[in-house]
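What follows is a set of notes on a single structure, which appears directly below.
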Amino acid sequence: MKLDIKERVEHGYANSNGVSIHYAALGSKEKPLIVCIHGFPDFWYSWKDLMGDLSNEYYVVAIDQRGYNLSDKPKGEKNYSIKFLVGDVISVVHHLGFKKSIIVGHDWGGAVSWALAMMNPQVVEKLIILNSPHPNGLRHELATNPEQQKNSQYARNFQMEGASKYLTAEKLLSMLGNNVNEKEYTEAFNRSDFEAMLNYYTQNYPREPYKSDPSPVVKVKAPVLLIHGLDDKFLLAGALNHTWEWVENNLTLVTIPEAGHFVHHDKAELISRTIKMWLNS
């Protein structure tokens, strides 16, 4: 009988300037490191299929971002700015005894991954992003695309004071679709901090009036695999345009019809196969 991934992983904690970051690991530490970073609303278990599929060839580690599940939940909005989220990932990489890693991120995990690759390129060997356009692409769409503006109403709601009091584990679960283990997610969300989850939006999501970022572009040095489920109603595919202008190395763009925002839940086997092929190419 095949054991569930939660019975196979080893758990650990890294210290990120006093904030404890939980991770689950599968595979041999003698193999190349992959660090997977979940988004909203999610936790390390999001990556169970990918971990199982890649752990023969890689040491696959999935973290709980701060505020979620078994990681610390520091109080105060500013503790969730992108520089601290990036620092959490670096702390895990170094805690495990590595200097660099292949980085995989979805949603807010993707935003953290983009920032990590730009701010600390020496830590990122390769970059794999799922349904999280480059921040410049998202800003441009928010500034110019009325449909993206309309579809970002949820983010504006999340940025309102007191929004977290309207969240429950059940509401968060309903956002994920049908391809998740209800018991695992309900327990993880009940261990999480809803206010902390929304601090990601208050600290890091663009605010009105929306405008493109005029600052000089820091190009991503690592090779990039960018995967996007085209049925994503939150982050529309138009934001993928011009990504090649912000990447110094190879960019591989894979769009997947009939997959939504949680593309790795909707098309788990295809995602694993695509990532394996790209890593081995």
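The figures follow:
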quantity	calculated
Relative contact order (%) - criterion: Cα under 8 Å, at least six apart; region: segment 1-90	30
Loop-resident sites, segment 1-40, for trypsin sites (Lys or Arg not before Pro), counting at most 12 other Cβ within 10 Å (DSSP)	K2, K29
Sorted largest first, extent of segment 186-240 alpha carbons per principal axis (Å)	40, 28, 25
Globularity index of segment 1-153, i.e. its alpha-carbon radius of gyration over 2.2 N^0.38 Å	1.06
Computed over segment 89-148, Cα set: Rg, Dmax in Å	13.4, 46
Equivalent ellipsoid semi-axes - Cα gyration tensor, segment 128-281, angstrom	26, 23, 14
Contour excess over end-to-end distance, with Cα ends at K83 and N15 and 0.36 nm allotted per residue	22.9 nm
Loop GluC sites (Glu not before Pro), segment 1-57, which have at most 14 other Cβ atoms in a 10 Å radius of their Cβ (DSSP)	E30
Rg(Cα)/(2.2 N^0.38 Å) for the chain, N = residue count	0.93
Calculated FRET efficiency for the pair Q153/H95, C-beta based, R₀ 45 Å, to 0.05	0.70
Built amide H within the under 5 Å cut-off of I256, gap 5+	H228, G229, L230
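Rule-based calculations on the coordinates, nothing more; no lab input. As the structure is a prediction and not an experimental result, all values here were calculated from the model. Heads up, the Cβs are rebuilt from the backbone with ideal geometry, glycines too, and the neighbour counts pull from every protein chain shown.
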